1. Using a 1.4 angstrom probe and counting only protein chains, how large is the accessible area of Glu246 in Å², to 10?
2. In segment 212-235, whose amide N lies under 14 Å from the spot 7 Å out along Cα-to-Cβ of Ser280? List them in ranges.
3. In square angstrom, what is the accessible area per residue of segment 246-306 with a 1.4 angstrom probe?
4. Give the ranking of Tyr197, Tyr269, Tyr152, Tyr165 by solvent-accessible surface, highest area first, calculated with a 1.4 Å probe.
5. Kindly flag which residue pairs out of Lys126/Lys282; Lys210/Lys282; Lys126/Lys194 have an alpha-carbon separation exceeding 20 Å in this structure.
6. Which value does Rg/Rh take for segment 70-130 over its C-alpha atoms, Rh per Kirkwood?
7. Just by accessible area at a 1.4 angstrom probe, what is the order of Phe204, Phe169, Phe263, Phe233 from largest to smallest?
8. I'd like the accessible area for Ile174, computed on protein heavy atoms only with a 1.4 Å probe and all protein chains in place. Round to 10 Å², please.
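The values are calculated or read from the model by the stated rules, or taken from the named source; none is laboratory data. All of these numbers come straight from a predicted model, not from anything done at the bench. Counting neighbours? That spans all protein chains shown, and the Cβs are built from the backbone with ideal geometry, glycine included. Ligands, DNA and RNA are excluded from the accessible area calculation, which covers all protein heavy atoms including side chains. Shrake-Rupley method; radii C 1.70, N 1.55, O 1.52, S 1.80 Å.
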Amino acid sequence: MAELSNQLMAFTVFAYLVAMICYAGEYAFGQRSRIGKAASRQLVGAGAPVIEEPVAKIPAPVPAGRGEWAGRIAVVFTILGFALHLGTTVTRGLAAERMPWGNMYEYILSASLVGAAVWVGVLLRKPNLRHLGLFASLSLVVLLGAASLVAYTPVGPLVPALNSYWFIFHVSTIIISSGIFLIGAVPAAMFLIKNGYDEGKRSFPYTLGKRWPDAGALERLTFRLHAFAFPLFTFGALIAGPLWAEASWGRYWGWDPKEVWAFISWIVYAAYLHARATPSVKRTVATWIALLGFVTMLMNLFGVNLFFEGLHSYANAGD
């Protein structure tokens, strides 16, 4: 099963890579919707002058060109990649005979699976946001590539500290919230670029926003994803985590590097939601705070595991 999981991982990365290339092809060769000429109707009253009232513009049908076909193929490979990703995670858990959350490799594998599931859900529910796929698939390729090249750990048993019923509650909520934050960072970055383009900025990377969805739609999606993930992250990091720490180490909080960075992430994301709810704060400022929160999450995932020593150093757990 372990070898099968490794093979499925390779196919997963390949599928997401093909999807990313196709999303890029859609962006490069796709056409904007054509807007038909506005029709008009006459309002005639008894003895009154004729008044022409414009009728809402009706988009003319756009034939599927190279860009449209590239986008459709990208969706197929995204769903295929998700199925392979799920298979990779399940076979890893079967090989280990436990939930596949015991080390850094497995954490990235599971968190990115949640992110992929969220992206597939967005893709199926709101097809008009398909342009997000280029950056969503890029994020998945980079994370899974890093997991395979930097964090890979052979299948093994859990370290003793992880053998607890709190393992399910704490790690599962952190993984789910992290995966949602991952996808939430994509429309956040795209909103900043699209908003800059709409304001007249024409330098790179703002030129990328030419064909992207409406800035308002991107910002609303950013908020909804973060608002959903934040309570889960709060429970996992600040409730279940300390309770598990007290049961395992006899104290609720010890200023361990991972605890500190989790708290920093929580503060930044709380600041984002507060700024988003404050009318006097610009949406661009609030979105920058959300991206800063994602940077702290990456620091907690890679920096703390690889460069700091602490009770949470499980990067190679299972060796």
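1. 70
2. Once the point is set 7 Å along Cα→Cβ of Ser280, nothing inside segment 212-235 turns out to lie under 14 Å by backbone N.
3. Working: 3190 Å² over 61 residues.
About 52 Å² of surface per residue is accessible.
4. The residues order as Tyr165, Tyr152, Tyr197, Tyr269, largest area first.
5. Those over the limit are Lys126/Lys282; Lys210/Lys282.
6. Working: Rg = 13.4 Å, Rh = 12.5 Å.
Checking Rg against Rh, the ratio lands at 1.07.
7. Listed by decreasing accessible area, they come as Phe204, Phe169, Phe263, Phe233.
8. Number for this one is 20 Å².
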